[in-house]
Amino acid sequence: KAGVTQTPRYLIKTRGQQVTLSCSPISGHRSVSWYQQTPGQGLQFLFEYFSETQRNKGNFPGRFSGRQFSNSRSEMNVSTLELGDSALYLCASSLPTGVGGMTSTDTQYFGPGTRLTVL
Amino acid sequence: SQQGEEDPQALSIQEGENATMNCSYKTSINNLQWYRQNSGRGLVHLILIRSNEREKHSGRLRVTLDTSKKSSSLLITASRAADTASYFCATVSYNQGGKLIFGQGTELSVKP
């Protein structure tokens with residue numbers, strides 16, 4: 001099976017612009033999570049999507065949003081970019097497990113990430 | 001926000017030696033996972049240990065979990081230069097939506 005893919009791999013934007021990152025999960029995985037990694041804050045959870053619905057959200061401002069399509073592919077969008085948004089954005093997919101498929105984070109498979117630089 | 005802390009922050013050893021990394025966390029968990037990251041790339045899942053397990057092995061990896069102390073350790077035996085990477089523990093608590101909450105990581109350098 002192909003792994004999780006993320007596009008683009010690198011991106012340079014200027015303050016105030018917006019950006020859209022894309023993630024294609026492993027075939028058959030229905031849950032997609034997004035994480036932000038910075039040297040100062042480390043790895044932080046952004047949000048999780050399952051069956052096109054946002055199921056969980058981290059403590060990020062509303063400028064960060066996402067969506068999931070019927071084929072489980074996901075996009076995240078950051079509007080009005082700030083310098084502090086420079087980071088590695090990681091997407092992870094997983095199979096739903098647990099009662100009724102309500103828990104999906106037993107093992108997550110990560111993509112290579114998109115490195116966003118905001119100038 | 002980070003769930004826990006990892007210790008040490010950096011570790012440098014010679015090939016063939018064992019490497020031990022520790023992770024402490026704050027709230028009750030359902031499972032704890034260890035991931036490896038090479039040079040700012042994606043994370044690779046290494047091993048998962050559930051809250052009712054005390055020890056787990058996978059190849060040269062040994063993970064222990066002590067829920068009474070809210071801590072875990074990762075032991076890499078007979079380390080190789082290729083083990084050079086950052087290692088992260090991540091906890092999962094179903095009552096918090098099941099998201100992965102990562103520690104700050106341990107940077108391991110294995111010198112040939």
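The values are calculated or read from the model by the stated rules, or taken from the named source; none is laboratory data. Here the structure is a predicted model, which is why all the values come from computation and not from measurement. Reconstructed Cβ throughout: ideal geometry from the backbone, glycine too, with neighbour counts over all protein chains shown.
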Review point. Out of A:Leu11, A:Leu46, which single residue is under 18 Å from B:Gly42 (Cα atoms) and buried (at least 21 other Cβ atoms within 10 Å of the Cβ)?
Key: A:Leu46
**Study point:** Residue count for the stretch B:49-95, restricted to those that are out of contact with any Phe, Trp or Tyr (no Cβ under 8 Å at 6 or more places or on another chain), of a type in the set (A, V, I, L, M, F, W, C) and assigned to a strand (DSSP E or B)
**Key:** 6
Check your understanding: Out of curiosity, is A:Gly62 out of contact with any strand residue (DSSP E or B) (no Cβ under 6 Å at 6 or more places or on another chain) and modelled with pLDDT of 95 or more?
Key -> yes
Review point. For B:Ser68, are the conditions met, namely being away from chain A (no Cβ under 14 Å) and touching a residue at least 12 places away in the same chain (Cβ under 8 Å)?
Key: no
Study note, to complete from the structure: Inside the stretch A:51-95, the number of residues satisfying the requirement of being within 10 Å of chain B (Cβ to nearest Cβ) and more than 25 Å from B:Ser86 (Cβ to Cβ) is 2
Check your understanding: How many of the residues making up the stretch A:87-119 are modelled with pLDDT of 95 or more and surrounded by fewer than 16 Cβ atoms within 10 Å (Cβ to Cβ)?
Key -> 2
Check your understanding: If you take the residues in the stretch B:74-102 that are of a type in the set (Gly, Ala, Ser) and more than 26 Å from A:Ser33 (Cβ to Cβ), which one is surrounded by the most Cβ atoms within 10 Å (Cβ to Cβ)?
Key -> B:Ser79
Check your understanding: Here is a list of conditions, (1) assigned to a strand (DSSP E or B); (2) crowded, with 17+ Cβ neighbours inside 10 Å; (3) over 11 Å from the mean Cα position of the chain (by Cα); (4) among the hydrophobic types (A, V, I, L, M, F, W, C), and B:Val44 meets all of them except one; can you say which number that is?
Key -> (2)
Practice item. Hey, could you check the stretch A:29-38 for residues that are closer than 19 Å to A:Leu88 by Cα and either crowded, with 17+ Cβ neighbours inside 10 Å or facing chain B (nearest Cβ under 10 Å) (or both) and say which is farthest from the chain's Cα centre (by Cα)? Key: A:Gln37
